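Report on the following structure.
Just so it is clear, none of the values below were taken in a lab; they were calculated from the coordinates. Bear in mind the structure is a predicted one, so any value in this text is a computation, not a measurement. Ideal geometry is used to build each Cβ from the backbone, glycine not excepted, and the neighbour counts take in all protein chains shown.
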Amino acid sequence: MTSAAEPAQPRPAAVPTATYRLQLQPGFTLRDATAAVPYLAALGVSHLHLSPLLEAAPGSTHGYDTVDHGRISEQLGGEPALRELAAAAHRRGLRLIADVVPNHMAVPVPEQLNRPLWHVLRDGPDSPYARWFDIDWAAQPGPADAPDRGRVLLPLLGDRLGAVLGDLAVDGERLRYHDHVLPLRPGTAGLPLPELLARQWYRLAWWRLARTELNYRRFFTVNELIAVRVELPEVFEATHGVLLRLHADGVLDGFRIDHPDGLADPRGYLTRLSDATGGAYTVVEKILTGDERLPTDWPCAGTTGYDALHRIDGVLTDHSGACRLAGHYEHFVSGAAAGEPCADPHPALAAARRGRADMTGPLGELSAEVERLVRLAVRIGAADPAHADHAPWQLRAALQRVLTGYPAYRPYVRPGEPAPAASQEQLRAALDGSGDPTDRLVAGLALGGLGRGPEKDEFCVRFAQTAAAVAAKGVEDTAFYRWNALIGLNEVGGDPARPGLPPEDFHAWCHYVERHWPATMTVLSTHDTKRSADARARLAVLAEQPDGWAAEAAAWSTAAGPGGDREGDWLLWQTLVAAWPITPDRLVRALLKAAREAKLRTSWTAPDDHYEQALAERARGVYGNPGLLPRIEGYVRAIAPHARANTLAAALLHLTVPGVPDLYQGSEEPLHTLVDPDNRGVVDLGALAVRLTDSATPRPDDPAREKLHLTTTALHLRRARPLGGYRPLTATGPAAGHLLAFARGQDVVTAVTRLPYGLERAGGWRGTVLALPAGGTWTDTLTRRTFAAGEVPVAELLADQPVALLTRRGGA
């Protein structure tokens, strides 16, 4: 058996042909996954991609709130059930990939479930686990008898401490507050309550104080997730020992790394993991913004695929139509004349900057993280006259400016190494020509360019971690809920300021992936996407008919009657289109989450009950409105042929572009889900197995079997043969721009329709032809129709379906 401290003996890292993501939870356990193995093998994937496996907080439906790294979750069936799953998978030729959560653990209720944290709360900085957690002990005064040693702020009280003292009770060596159970420092149990509280290594506080006073790093703004210092070898070994043992035993074959942007040293972490596993297949949940590239010195196979999602959606989105739609949106919401918002400065960029700024301001949700950087900078100045005399308010303002303007998730600077050129360029962009000396100091410290020292090194690392949180919370979880012109663009890693992607740019990206990251994952839907791929496929049609959609939205608001705010209406109507048919409860949950994340009229921390009630009533009113409901249903039916084309095109691109496609559970059939938890429900894989048995039988007007047939056909093709080199194919004729085609090697061709509504309006393919590579006969594996090599009319090629997956028989 290989220990966590010893490098594993190398064994070839099996690159998946395709993976299938399963969301394990109490309602779908490892034993349920075992029962689904025959179906998943028949579907054609090579690996099962499992959500986090280690013991999580009781009832967790996602597993990212780890409480015990020493065992496989008993809620999911424990290690015996995982080994049974692996054995069943191996018998069918399948392997397992596990989701790993290195950045954080849960602060559970009751707290004793997290034993390392329990020890820290009891014994303070003297605990052997004190180094595990990213705690700034200097930020809070210590216990009454050790004021200089610090303590942990626990913002879990429902009100100010004085208002809830009566709810606190001492029970032996424990302190209870409702369901919370906290350890007492040895020797303090018999003290009067005020003195007892003053002597603990933690400070109980009103939950609202977390925003400004929290002194442990967390996952984004989630107080219930405390950051782990996995950069320390002993912490890595303790938190990864079980997973590494299971890899050494052949139970696990690869890993998906959650949130590497939160780590102090992502490259160092991946290097340690690679050394410990002998180079196991590993991908990272790295969000790349714009044209950002994954650092080439990271020892991994690539990302989890949001960059692919962005490109596939982009090439199927009408750029000019999306820009025109944005103008209609601005007019609908504010009454301003419909203009051309795609011109710089784009309003989506302004929304992103405001979202970042809101996070880092004096009362922002990440102001505690900014304050920690301010304290570091003040100490650096006190120790080094060259950096002295920058007042805390100046440092705070400079940090807000730099974090607001930073154009990517984070820099990748390692103290003691030259800053990467990309990180230097990003910091320059954030400064935007500023000559302010405090701005320059902050940027210099962030790049590690002002010398070494414990506090300078810490600033460099912590700035990067904070920048990632600001990007995630300020853009994806704020701005993407505020600027809603075409909500399908507001996706993880997306850029609504640059809608659409020309085919030539899509081909260039495919070439880049093939050359540099051929085993990277690609995705269309995940447990974190705000809208599933098929929901976005419908929304993409709106970009092709911006004037018509604007008229529909206005008519629907009129039919709904007075009372709705314009921003809420626009979001409501697009959400209905994306997810129809949808129950009122699902719809209201998604809209309330969107409104709270936007933080304009209501929020999670300051809900406006009157506004939320009005929003819910507006949504529910749709279902009983005889003048509105038929119109919504009619619109969804009218765009269904174009949405179908987008759905099948995206699915086939996903399955045949360079990389390893990762299918989200249930997405092999049309799936119109919204943001979590809507997209994390249990999927009936047994019913899918039944439909798979006859999915190849042609059934007009059965989109479920149509997509399932496409998916399993492409997956089996990938398993039967390696897909060869990527080569764009160009159609000729008046509608050539509506066909995206490429070859994989000498014997596979993918052809898909793009912008189908515009194609129809222009009169169809009208003599457009695609030249199939010479030699042999080509067969569309989806329809079994055959075509001779050479020029084929696209109208004939795509007569039955808007996509084709062709293989060649004979010739070369």
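Would you indicate which of (i) -0.55, -0.72, -1.14; (ii) -0.88, -1.09, -1.32; (iii) -0.63, -0.82, -1.21 is the value of log10 I(q)/I(0) by the Debye sum over Cα atoms at q = 0.07, 0.08, 0.10 Å⁻¹ derived from the coordinates of this structure?
(i)
Rounded to the nearest 0.05, what FRET efficiency is calculated for Ala422 and Asp344 with R0 set to 30 Å and r the Cβ-Cβ distance?
Working: r = 22 Å, r/R0 = 0.73.
Efficiency, rounded to the nearest 0.05: 0.85.
Sequence-distant or interchain residues sharing an amide H contact under 5 Å with Gly302, placed H: which?
Residues meeting the amide H criterion: Val284.
Would you please put 175-183, 36-44, 312-320 in order of how densely packed they are, using the mean number of other Cβ atoms within 10 angstrom per residue and starting with the highest?
312-320, 36-44, 175-183
Any chance you could run the full-extension gain for Asp249 through Thr583? It's 0.36 nm times the residue separation minus the Cα-Cα distance, nm to one decimal.
Details: separation 334, 0.36 × 334 = 120.24 nm, distance 4.57 nm.
The span from Asp249 to Thr583 would gain 115.7 nm if fully extended.
Which peptide among 666-674, 217-225, 390-398 comes first, and what is the full order, when sorted by highest mean count of other Cβ atoms within 10 Å?
Numbers: 666-674: 23.1, 217-225: 20.1, 390-398: 17.8.
By packing density, highest mean first, the sequence is 666-674, 217-225, 390-398.
Pairs to check: Lys286/Lys593; Lys456/Lys593; Lys530/Lys707; Lys456/Lys530. Give those whose C-alpha atoms are more than 29 Å from each other in this structure. Spell out each step's value before the answer.
Values: Lys286/Lys593 24 Å; Lys456/Lys593 39 Å; Lys530/Lys707 21 Å; Lys456/Lys530 38 Å.
With Cα atoms farther than 29 Å apart: Lys456/Lys593; Lys456/Lys530.
Farthest toward the dipole's positive end in the stretch 541-599, which of Leu591, Val577, Gly561, given Cβ charges of +1 (Lys, Arg) and -1 (Asp, Glu) about the Cα centre?
Leu591
Which residue, chosen from Gln25, Gly737, Gly724, occupies the Cα position most advanced towards the positive end of the dipole of the chain, where the dipole is computed from +1 (Lys, Arg) and -1 (Asp, Glu) charges on Cβ about the Cα centre?
Positive-most Cα among the choices belongs to Gly724.
Can you give the charge dipole size of the stretch 458-499 about its Cα centre, rounded to the nearest 20 debye, using +1 on the beta carbon of Lys and Arg and -1 on the beta carbon of Asp and Glu? Walk me through the intermediate numbers first.
Working: 4 positive and 5 negative charges, 20 e Å.
Magnitude of the dipole: close to 100 debye.
Assigning unit charges at the beta carbon (Lys, Arg +1; Asp, Glu -1) and nothing else, what dipole magnitude in debye, to the nearest 20, does the chain show about its Cα centre?
Numbers: 84 positive and 95 negative charges, 215 e Å.
Rounded to the nearest 20 debye, it is 1040 debye.
From the backbone phi of the stretch 756-764, what are the Karplus-calculated ³J(HN,Hα) couplings (6.51 cos²θ - 1.76 cosθ + 1.60, θ = phi - 60°) in whole Hz, Gly and Pro given as x?
Each residue of the stretch 756-764 in turn: x, 5, x, 4, 5, 5, 7, x, x Hz.
Please grab the % of Cα pairs in the stretch 658-703 that end up more than 17 Å from each other. Mind showing how you got there, number by number?
Details: 491 of 1035 pairs.
When all Cα pairs of the stretch 658-703 are counted, 47 percent exceed 17 Å.
Non-local amide H neighbours of Thr522 (under 5 Å, H modeled in plane, Pro and chain starts lacking H): which ones?
For Thr522, whose amide H was placed from the backbone, the distant partners under 5 Å are Val660, Asp662.
Compute, for the stretch 723-812, the length of the dipole vector about the Cα centre, with Cβ point charges of +1 (Lys, Arg) and -1 (Asp, Glu) only. Units Debye, rounded to 20. Can you show the working numbers first?
Working: 9 positive and 6 negative charges, 28 e Å.
Here the stretch 723-812 has a charge dipole of around 140 debye.
Per residue of the stretch 265-277, what does 6.51 cos²θ - 1.76 cosθ + 1.60 with θ = phi - 60° give for ³J(HN,Hα)? Whole Hz please, x for Gly and Pro, Karplus curve as stated.
9, x, 5, x, 4, 5, 5, 4, 5, 5, 5, 6, 10
Cβ neighbours within 10 Å, averaged per peptide: list 769-775, 741-747 in order, most packed at the top.
Most protected by this proxy first, the peptides run 741-747, 769-775.
Among Phe480, Ala357, Trp604, which residue has its Cα furthest toward the positive end of the charge dipole of the chain, with +1 on Lys/Arg Cβ and -1 on Asp/Glu Cβ?
Projecting each Cα onto the dipole axis, the largest value belongs to Phe480.
List every residue whose amide H lies under 5 Å from the amide H of Arg754, counting only residues 5 or more places away in sequence or on a different chain, with H placed 1.01 Å from N in the peptide plane.
Amide H to amide H, under 5 Å and 5 or more residues apart or across chains, Arg754 pairs with Leu739, Leu740.
Through the Karplus equation 6.51 cos²θ - 1.76 cosθ + 1.60, θ set to phi - 60°, convert the phi angles of the stretch 102-118 into ³J(HN,Hα) values in whole Hz; use x for Gly and Pro.
With the stated coefficients, the stretch 102-118 comes to x, 7, 7, 10, 7, 9, x, 10, x, 5, 5, 5, 9, 5, x, 5, 4 Hz.
Could you tell me the relative contact order of the chain? Use alpha-carbon pairs under 8 Å, at least six residues apart, and round to a whole percent.
On the way: 1589 pairs, mean separation 98.5, N = 812.
Across the chain, relative contact order equals 12 percent.
May I ask you to list the residues of the stretch 197-236 whose amide nitrogen lies under 19 Å from a point 7 Å from Cα along the Cα→beta-carbon direction of Asp179?
205-208, 222-226
What is the fewest-to-most order of Val803, Val636 by other Cβ atoms lying within 10 Å of their Cβ? List each step's numbers first, then the result.
On the way: Val803 23, Val636 18.
The order, fewest Cβ neighbours first, is Val636, Val803.
Going by the alpha-carbon gyration tensor, a ≥ b ≥ c the square roots of its eigenvalues, is the stretch 208-295 rounded (a/c under 1.5) or, if a/c is not under 1.5, prolate (a/b greater than b/c) versus oblate?
Details: a/c = 2.39, a/b = 1.46, b/c = 1.63.
Cα axes put the stretch 208-295 in the oblate bin.
What's the extension gain from Ala795 to His610 if we count 0.36 nm per residue and subtract their Cα-Cα distance? Could the numbers behind the result be given before it?
Working: separation 185, 0.36 × 185 = 66.60 nm, distance 5.46 nm.
Here the segment from Ala795 to His610 would lengthen by 61.1 nm.
Suppose each label sits 7 Å from its Cα in the direction of the beta carbon; what would the Ala559-Arg784 distance come out to in nanometres?
It works out to 4.3 nm between the two label points.
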